[in-house]
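First comes the structure, then the notes that go with it.
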Amino acid sequence: MRDGILQRMTRANRTVRAWLVRDGRCKLVLGKLVLGALVSVALGLASLGGLHAQPATDAKDTTGVPALLKSCEAKQALACRLAGQHYLNGNGVAKNAAKALELYLVACKLSEAKACGYAATMLLKGDGAPKDTSRAVVLRTQACELNDGMSCNDLGSEWADGRDVPRQDLAEAKRLYEKACHLDDGLGCFNLGGAYRLGEAVPVDAAQARKYFERSCDLRAAKGCTELALVYYEGNGVPRDAPRALTLFDRACKLGSDVACKNLETLKKK
């Protein structure tokens, strides 16, 4: 296994054990294969609990760092966050993670939602300051309350795993995934669909799972498109539709899913 893939055996109609990797952790699940499943390693089911990476500097931002810092001093929250991204990525200035974190925290105090989320990610990694998971969770919660969908999703993943929070709480995870999806976060919709697929805090519901995988794919989340492709390839709650699965794998591959690219290559050989 690699890259959070659920590997399945290829023998039809046989209950098998498979490992679902979520953020480096494994959870044993049971599943049944359908006739014609893709071969072993090539079949990749995207893992739940997907997290967002720290974003690069806003491509639309062409403002120089001095001007951003001046605006930040005038309590313009967005300017503080953008200046932080410049320092984090070394865009026009020397890379300085500590300065980036400082600016994110200033922006967060001014209720800039994304800045709260970015600061949380840095503190979880120990980037720019010593690792501080408790403070990171507080900041990520604040970001979600300020309607940052990415932070809602990432916080949901933490509750789903019981990671950096007091305990595992699948109901809270599902609530956060719902909010993230409502805020048009593609990974949030993907994880919500996964909750319905696996029956985590909700009854197993293939139709609801497919609905949220479709929404995830519409929001250009590669994992959502990959999962939706598998739904149609396997005929899970829908008529089996290999051509549609092929189209969805192709889209997911173009969106950056290595799993989808491998599945696409396998299907094209059939």
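Filtering region 92-109 to residues that are crowded, with 16+ Cβ neighbours inside 10 Å and either free of Cβ contacts under 8 Å to residues at least 12 places away in the same chain or not small (Gly, Ala, Ser) (or both) leaves Val93, Asn96, Lys99, Leu101, Glu102, Leu103, Tyr104, Leu105, Val106, Cys108.
Please work out which one of (1) under 15 Å from the mean Cα position of the chain (by Cα); (2) part of a loop (DSSP other than H, G, I, E, B); (3) more than 21 Å from Arg220 (Cα to Cα) is the condition Trp159 fails and give its number. Unmet for Trp159, out of (1) under 15 Å from the mean Cα position of the chain (by Cα); (2) part of a loop (DSSP other than H, G, I, E, B); (3) more than 21 Å from Arg220 (Cα to Cα): (2). Kindly provide the set of residues from region 214-226 that are within 14 Å of Gly256 (Cα to Cα) and part of a helix (DSSP H, G or I), ordered by number. Within region 214-226, Cys217, Ala222, Lys223, Gly224, Cys225, Thr226 meet the criteria. Within the option set Leu176, Leu183, Leu155, Leu187, being touching a residue at least 12 places away in the same chain (Cβ under 8 Å), touching a His at 6+ places or on another chain (Cβ under 9 Å) and closer than 29 Å to Asp132 by Cβ holds for one residue only, Leu187. Condition check for Leu124 on (1) surrounded by 24 or more Cβ atoms within 10 Å (Cβ to Cβ); (2) of a type in the set (A, V, I, L, M, F, W, C); (3) under 13 Å from His52 (Cβ atoms): one failure, at (1). If you check Ala143, Ala115 for being closer than 18 Å to Cys72 by Cβ and in contact (Cβ under 8 Å) with a residue 24 or more places away in the chain, only one passes: Ala115. Residue selection: Gln85 satisfies the criterion of being at pLDDT 95 or above and within 26 Å of Arg220 (Cα to Cα). Inspection of region 154-176 finds a residue satisfying the criterion of being acidic (Asp, Glu), under 22 Å from Leu78 (Cβ atoms) and either surrounded by fewer than 17 Cβ atoms within 10 Å (Cβ to Cβ) or out of contact with any strand residue (DSSP E or B) (no Cβ under 9 Å at 6 or more places or on another chain) (or both). Within region 162-208, the only residue that satisfies the criterion of being among the small types (Gly, Ala, Ser), touching a helix residue (DSSP H, G or I) at 6+ places or on another chain (Cβ under 6 Å) and assigned to a loop (DSSP other than H, G, I, E, B) is Ala201. Taken as a whole, region 235-252 holds at least one residue that is touching a residue at least 40 places away in the same chain (Cβ under 8 Å) and on the phi > 0 side of the Ramachandran plot.
The values are calculated or read from the model by the stated rules, or taken from the named source; none is laboratory data. No experiment lies behind these values; they were computed from the predicted model shown. For neighbour counting, all protein chains shown are included, and Cβ atoms are generated from backbone atoms with ideal geometry for every residue, glycine included.
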